[in-house]
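Asks: Have a look at the structure that comes next, please.
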Amino acid sequence: METVGPSTDTAVADYKHQIEGTIKRTGFEKFYRRDGSFVNTLAKKAADLRKDKKTVLSKPENVSRLVELALYHPVFYCDNSTSMSLASRFQTQKDLVIRMADIATKIAPDGYSVDLQFINDKHATRRISSKDDLLGVLENTGLRDSTRIGTVLNRRILKPLVYNKLKSKSGLSRPLLVCIITDGCPTAEPVDTLSKKIAECKKKLTKKGYRPPSVMFCISQIGDDSKATDFLHDLERKDDIRDVLHRTADRLDGNFQELQKNHDTLDEWLLEVLSTPIMMKQE
C-alpha cells in the first residue's frame, strides 16, 4: 500500500516550523523575520517538492537538507589554474558546478540565485540568474598559471559580498556559503593566506554582531595532487576556523565519475556535499 504523505497545509506548517527553528538556533533573526515572505515561500516550495515523486530530492530527509541549504546564498569559488587541464579536471568542475548550482537553488524563492568566481579572474564575482548565464561564464573562462586562493577570496568575494555590506546600514542580507573547489595548494602567496582570510572574516562578523556561521566555507579537492591533499588536511585542523570551515571527505572528481550513471545517487551525494557544512556546524 502506498504511503500517504501529509496534506499540503500540514507540510507547509511543518517546514515553516523547521525554518523558524533553524533561524532561532543559528541566530539568523538578523536575516529573516519570523513571518517574512522568504520563510513562507520557502516552506511552500518545500511542501510542493515533497509531492514530486519524479525526483529523489523529494525524500523527506532530502527536502529537509534543501530547506537548510536555501537559507544560505551559495558562492562557488572555482579553480582555473593551468593544472586544471590535467585529466579533464576543468570540464569535470564545470559539470559539477552546473549540477550543484541547480540543487542549491532547487527550492529557493524566485530571484535567489548563486554567485560564481574563479581564482584567476579579473572580473568581479558574477551573480548567476539562470543556467544559460552559468554555462556562458563557464565556457568562456580560460586557464591561467597561479593559485592565489586566499588573496582572491578576500579581494573578489569577502570584500564585496561581506565587508562592504557590514559597513552599510542594511548589513548582510543573507548568510553565505562559500564553496571552494581546487586541485592544488596555493602559489604566489604564503601558504597560510587562506586560513588567515577565513579567520579575519570570522572576527569581522563577530565584531559587527553576527554569529560566525553567517559565512560558512566548504573546501573540496578535485584531482589527486598529494600536496593539495596535505594543504587541505592542514587547513581543516586549524582551531581558529574549525567552526566555519568544512572539508569534503571525498575527491569531487572521483565520486562524480563513479556516480554519473546514476543521477539519483549523484544528486543525493551533491546535496550532502552542499548541506553537510552548515548542518554539522549547527549541531
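The values are calculated or read from the model by the stated rules, or taken from the named source; none is laboratory data. Treat the numbers as computed from the prediction; the structure is a model and nothing was measured. Positions of Cβ are backbone-derived with ideal geometry, glycine not excepted, and every protein chain shown enters the neighbour counts.
Asks: Evaluate the stretch 100-109: report whether one residue or more is over 16 Å from the mean Cα position of the chain (by Cα), at negative phi and in the same structural domain as VAL152 (by TED's automatic domain parsing).
Replies: Yes, the conditions are met somewhere in the stretch 100-109.
Asks: Moving to a separate point now. Within the stretch 214-222, identify whether any single residue is over 27 Å from PRO60 (Cα atoms), touching a residue at least 60 places away in the same chain (Cβ under 8 Å) and in contact with a Leu (Cβ under 6 Å, 6 or more places away or on another chain), and answer yes or no.
Replies: Checking the stretch 214-222: at least one residue is over 27 Å from PRO60 (Cα atoms), touching a residue at least 60 places away in the same chain (Cβ under 8 Å) and in contact with a Leu (Cβ under 6 Å, 6 or more places away or on another chain).
Asks: What tally of residues in the stretch 26-53 results from selecting those that are in a loop (DSSP other than H, G, I, E, B) and among the β-branched types (Val, Ile, Thr)?
Replies: 0
Asks: Here is a follow-up. Being of a type in the set (A, V, I, L, M, F, W, C), at pLDDT 95 or above and in a loop (DSSP other than H, G, I, E, B) is the filter; apply it to the stretch 213-272 and report the residue that is farthest from ILE98 (Cα to Cα).
Replies: Going through the qualifying residues, I end up with ILE241.
Asks: Here is a further query. Does the stretch 82-105 contain at least one residue that is surrounded by 23 or more Cβ atoms within 10 Å (Cβ to Cβ), hydroxyl-bearing (Ser, Thr, Tyr), assigned to a loop (DSSP other than H, G, I, E, B) and in contact with a Pro (Cβ under 8 Å, 6 or more places away or on another chain)?
Replies: No, that holds for no residue.
Asks: Please work out if LYS207 is buried (at least 16 other Cβ atoms within 10 Å of the Cβ), at pLDDT 95 or above, closer than 18 Å to ASN154 by Cα and among the charged types (D, E, K, R).
Replies: no
Asks: Can you name the condition, by its number, that LEU194 falls short on among (1) without any contact (Cβ under 8 Å) to a residue 60 or more places away in the chain; (2) within 20 Å of the chain's Cα centre (by Cα); (3) assigned to a loop (DSSP other than H, G, I, E, B)?
Replies: Here LEU194 meets the rest and fails (3).
Asks: Oh, and also: Looking at GLY27, GLY36, which one is free of Cβ contacts under 8 Å to residues at least 12 places away in the same chain and over 30 Å from ASP253 (Cβ atoms)?
Replies: Selected residue: GLY36, the only one of GLY27, GLY36 that is free of Cβ contacts under 8 Å to residues at least 12 places away in the same chain and over 30 Å from ASP253 (Cβ atoms).
Asks: Could you say whether any residue in the stretch 231-254 is out of contact with any helix residue (DSSP H, G or I) (no Cβ under 7 Å at 6 or more places or on another chain), among the aromatic types (Phe, Trp, Tyr) and not assigned by TED's automatic domain parsing to the domain that holds ILE23?
Replies: So far as the stretch 231-254 goes, yes, one or more of its residues are out of contact with any helix residue (DSSP H, G or I) (no Cβ under 7 Å at 6 or more places or on another chain), among the aromatic types (Phe, Trp, Tyr) and not assigned by TED's automatic domain parsing to the domain that holds ILE23.
Asks: Follow-up question, since we're still on this one. Among the listed residues LEU69, LEU42, which satisfies the condition of being touching a helix residue (DSSP H, G or I) at 6+ places or on another chain (Cβ under 6 Å), at pLDDT 95 or above and over 30 Å from ASN154 (Cβ atoms)?
Replies: Step by step, each of LEU69, LEU42 is checked, and only LEU42 is touching a helix residue (DSSP H, G or I) at 6+ places or on another chain (Cβ under 6 Å), at pLDDT 95 or above and over 30 Å from ASN154 (Cβ atoms).
Asks: Taking the stretch 143-194 as the search range and keeping residues that are of a type in the set (Gly, Ala, Ser) and buried (at least 18 other Cβ atoms within 10 Å of the Cβ), which one is nearest to SER214 (Cα to Cα)?
Replies: Ranking the candidates gives GLY150 first.
Asks: Restricting attention to the stretch 220-254, report how many residues are among the small types (Gly, Ala, Ser), over 18 Å from VAL273 (Cα atoms) and surrounded by fewer than 17 Cβ atoms within 10 Å (Cβ to Cβ).
Replies: Residues flagged as among the small types (Gly, Ala, Ser), over 18 Å from VAL273 (Cα atoms) and surrounded by fewer than 17 Cβ atoms within 10 Å (Cβ to Cβ) within the stretch 220-254 amount to 1.
Asks: Do you know which of the residues in the stretch 142-170 that are of a type in the set (A, V, I, L, M) and in a helix (DSSP H, G or I) is farthest from PHE231 (Cα to Cα)?
Replies: LEU166
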